[in-house]
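Input: a single structure, listed below in structure tokens.
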Amino acid sequence: MENPTLLIICIIFWLAAWFTNTRLAKMSPKSTTLATLINLTIPVLFGAALLALWEGITRGFGVPTVLLPPPSMIWERITNSGSILWADFRQTYLKAVIAGYAMGCGLGFLVAILVDRSPFWKAGIMPVGNLVSALPIIGIAPIMVMWFGFDWQSKAAVVVVMTFFPMLVNTVAGLNVAGHMERDLMHTYASSKWQMLFKLRLPAAMPFIFNALKINSTLALIGAIVAEFFGTPVVGMGFRISAEIGRLNVDMVWATIFVAALAGSISYGLIALLERSITFWHPSNRGR
Amino acid sequence: MIKDRALPVLTVVALIIAIWYAGAALLNLQFEYDQAERIGKQVSLSEALPKTMAQERPVLPAPHQVAVEIWQTTAEKSITSKRSLVYHAWITLSATMLGFVFGTVLGIILAVGIIHSRVLDKSLMPWIITSQTIPILAIAPMIIVVLNSIGITGLVPKATISTYLSFFPVAVGMVKGLGSPDAINMDLMRTFNASRAQVFWKLRWPTAVPYLFTSMKIAIAASLVGAIVGELPTGAVAGLGARLLAGSYYGQTVQIWSALIVAAILAGSLVAIVGLVGAWLNRRMGMREA
């Protein structure tokens, strides 16, 4: 026991948070704003309690920082090495992830539109695409590093391949959901194939497309980071993780993971916001 | 029926193989020209083309080269040999399965807790959804190295990563599945004066089984990815991930591709097995195929 008082304080905080949460969860307020507030408070309090417990246990029992650094130490590292983290973020996220994500999703979308014109190709590509989506595509990383070199281009290539298939499969599936009634209506308007596509089938496919965009936003970050384990210039989030692990600077690794988690959640949130404004008509977004 | 489905799929597969061959010829041609130039000789396209299919370290190996390599390293080597892909695949598979079983059990327990407790539901669920947006795989090397440094080596660290990756889909799917019984059925159970445990075993669990298998398909694929990535930082000792890393260190492209294809076959069969068991169970439980 190195710091028993801190441990006890943290445990008390955790118990208090737990007790408050139990009380809060049982309340059923009349006003909706209060209900939203409670629904927001509970997970935040839970997260804070978890952080406090983490801090208390690591500091209280004197857990070696190599094993698990306390959150305060990680936060200190984040604030102290902002420039390194920013450079890594720029290399991995702003260059590799965004370029690869845009190309992979765009390509998947275009191929889906092309394939959609022919039932034969659709029947052929869907099973293959579904199969490939389940494969460990991340394994092509060493090949891409060989082909496109150490810089961000090879990481973007991995991201392109990883994001292509989910987008393809989801878009093709989405283009089929427009109902017969609506199609017949468009038919009576004498709409052309393209009008049918842009005014009916693409809007109807949007929930599926956004689903793919969401899946891909996480996949893209994973792809770029893991591809950097196979060879990279001396900058980048994957490089930072594998290099600092070698020197047992675990707090720096946690700092990088924090940045990755932040980037992942923010991009997911942005896509979800965009989805809500575009697919405002969808049942899951109505009546809120 | 089968003809309608098989023909398009076979066409696509044939097309992929054709593109692969064309790509191999195109990408490897430059090397043949460079070789010829070095010894001061001119080669025609028709002379260079066959050679592109049989290079030692091609930029892109031709499909038959990979097939031969896989045959040699699986069927013609004894299974215990370190050069056997069966040996490496087994190492990866055992970590995958261990992690998958742990992850599934953990996910189900968590889902049962969330379904039965409002506090858990409100405090855990937002975090579980947020955690889906985080590139968890980035933690893999740290888990391996940290567990190694306290003396835990071998299967367990890799299985830990697989557990981590596979329990999220199961937890999310099972929360949905266990909450899916219709209000009308729940009311019926109430009129029977059923206890919580009875509602769980006789209504919630059976309705959740299809959800369980759908999430298990995702989970087992994620679990395999976790095991492969988990083999990277330990310095290429054994397993499919290690074969990938060793191949990339020494420029052995044929080795990389064969490890990749074996990993793909493994993933495909694992997902297929889970799917088949799920379909069989659904039929036994009297459910129609959707």
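No value in this document is a laboratory result; all are computed from the given coordinates. The structure displayed is predicted, hence computed values, not measured ones. Glycine gets a Cβ as well: all are built from the backbone with ideal geometry, and neighbour counts include every protein chain shown.
Residue-wise test of (1) small (Gly, Ala, Ser); (2) under 20 Å from B:Ser131 (Cβ atoms); (3) over 30 Å from the mean Cα position of the chain (by Cα).
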site	(1), (2), (3)
A:Cys10	no, no, yes
A:Leu45	no, yes, no
A:Val63	no, no, yes
A:Ile74	no, yes, no
A:Asn80	no, no, no
A:Leu85	no, no, no
A:Gln91	no, no, no
A:Cys105	no, no, no
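Going through B:Ile152, B:Ile144, B:Ile70, B:Ile136 one at a time, which residue ends up being surrounded by fewer than 18 Cβ atoms within 10 Å (Cβ to Cβ) and aliphatic (A, V, I, L, M)? Outline the logic, then answer.
Numbers: B:Ile144 fails: surrounded by fewer than 18 Cβ atoms within 10 Å (Cβ to Cβ); B:Ile70 fails: surrounded by fewer than 18 Cβ atoms within 10 Å (Cβ to Cβ); B:Ile136 fails: surrounded by fewer than 18 Cβ atoms within 10 Å (Cβ to Cβ).
The conditions single out B:Ile152.
Can you find, within the stretch B:47-73, the residue that is farthest from B:Leu26 (Cα to Cα) among those that are in contact with a Leu (Cβ under 6 Å, 6 or more places away or on another chain) and touching a residue at least 40 places away in the same chain (Cβ under 8 Å)?
Across the stretch B:47-73, the extreme among qualifying residues is B:Thr73.
Please give the number of the condition B:Thr96 fails out of (1) of a type in the set (Ser, Thr, Tyr); (2) surrounded by fewer than 16 Cβ atoms within 10 Å (Cβ to Cβ); (3) closer than 30 Å to B:Pro157 by Cβ.
Just one mismatch for B:Thr96, condition (2).
Can you pull out the helices (runs of 4 or more DSSP H) entirely within the stretch A:121-206 that have at least 3 residues that are within 14 Å of another protein chain (Cβ to nearest Cβ) and closer than 28 Å to B:Leu27 by Cα? Talk me through it step by step, then tell me what you get.
Values: elements: A:141-148, A:152-175, A:180-188, A:193-196.
By residue number, A:141-148, A:152-175.
Which of the residues spanning the stretch A:108-120 are under 23 Å from the mean Cα position of the chain (by Cα) and either surrounded by fewer than 17 Cβ atoms within 10 Å (Cβ to Cβ) or at the interface with another protein chain (Cβ under 9 Å from one of its Cβ atoms) (or both)?
Answer for the stretch A:108-120, where residues must be under 23 Å from the mean Cα position of the chain (by Cα) and either surrounded by fewer than 17 Cβ atoms within 10 Å (Cβ to Cβ) or at the interface with another protein chain (Cβ under 9 Å from one of its Cβ atoms) (or both): just A:Leu110.
Can you find a residue in the stretch A:232-246 that is touching a residue at least 40 places away in the same chain (Cβ under 8 Å), surrounded by 20 or more Cβ atoms within 10 Å (Cβ to Cβ), away from chain B (no Cβ under 12 Å) and of a type in the set (Ser, Thr, Tyr)? Can you show your working first?
Going residue by residue through the stretch A:232-246, those that are touching a residue at least 40 places away in the same chain (Cβ under 8 Å) are A:232-233, A:235-240.
Right, trim to surrounded by 20 or more Cβ atoms within 10 Å (Cβ to Cβ) and you get A:232, A:236-240.
Of the ones still in play, those that are also away from chain B (no Cβ under 12 Å) are A:232.
Then keep just the ones that are of a type in the set (Ser, Thr, Tyr); that gives A:232.
Yes: one or more hits.
Could you identify the single residue in A:Gly139, A:Gly149, A:Gly82 that is free of Cβ contacts under 8 Å to residues at least 60 places away in the same chain, at positive phi and of a type outside the set (Lys, Arg)? Walk me through it before giving the result.
On the way: A:Gly139 fails: at positive phi; A:Gly82 fails: at positive phi.
Of the residues listed, the single one that is free of Cβ contacts under 8 Å to residues at least 60 places away in the same chain, at positive phi and of a type outside the set (Lys, Arg) is A:Gly149.
Starting from residues that are of a type outside the set (Ser, Thr, Tyr) and farther than 17 Å from A:Ala25 by Cβ, keep the ones in the stretch B:113-133 and report whichever is surrounded by the most Cβ atoms within 10 Å (Cβ to Cβ). Lay out the reasoning, then the answer.
The first filter runs over the stretch B:113-133 and keeps only residues of a type outside the set (Ser, Thr, Tyr), leaving B:113-116, B:118-122, B:124-129, B:132.
Among the residues that remain, those that are also farther than 17 Å from A:Ala25 by Cβ are: B:129, B:132.
Numbers: B:Ile129: 13, B:Gln132: 16.
This residue is B:Gln132.
Mind checking which pairs have a first residue in the stretch B:271-287 that is within 14 Å of B:Met216 (Cα to Cα) and a second that is surrounded by 14 or more Cβ atoms within 10 Å (Cβ to Cβ) and small (Gly, Ala, Ser), Cβ under 8 Å, 6 or more apart or different chains?
B:Val271/A:Ala134; B:Val271/B:Ala221
Does any residue in the stretch A:27-50 that is loosely packed, with under 15 Cβ neighbours inside 10 Å come within less than 9 Å, Cβ to Cβ, of a residue that is hydroxyl-bearing (Ser, Thr, Tyr) six or more places away or on a different chain, and which pairs are these?
Pairs that qualify, where the first residue is loosely packed, with under 15 Cβ neighbours inside 10 Å and the partner is hydroxyl-bearing (Ser, Thr, Tyr), are A:Ala35/A:Ser28.
Out of (1) assigned to a helix (DSSP H, G or I); (2) free of Cβ contacts under 8 Å to residues at least 12 places away in the same chain, the odd one out for A:Leu221 is which?
Among (1) assigned to a helix (DSSP H, G or I); (2) free of Cβ contacts under 8 Å to residues at least 12 places away in the same chain, the lone unmet condition for A:Leu221 is (2).
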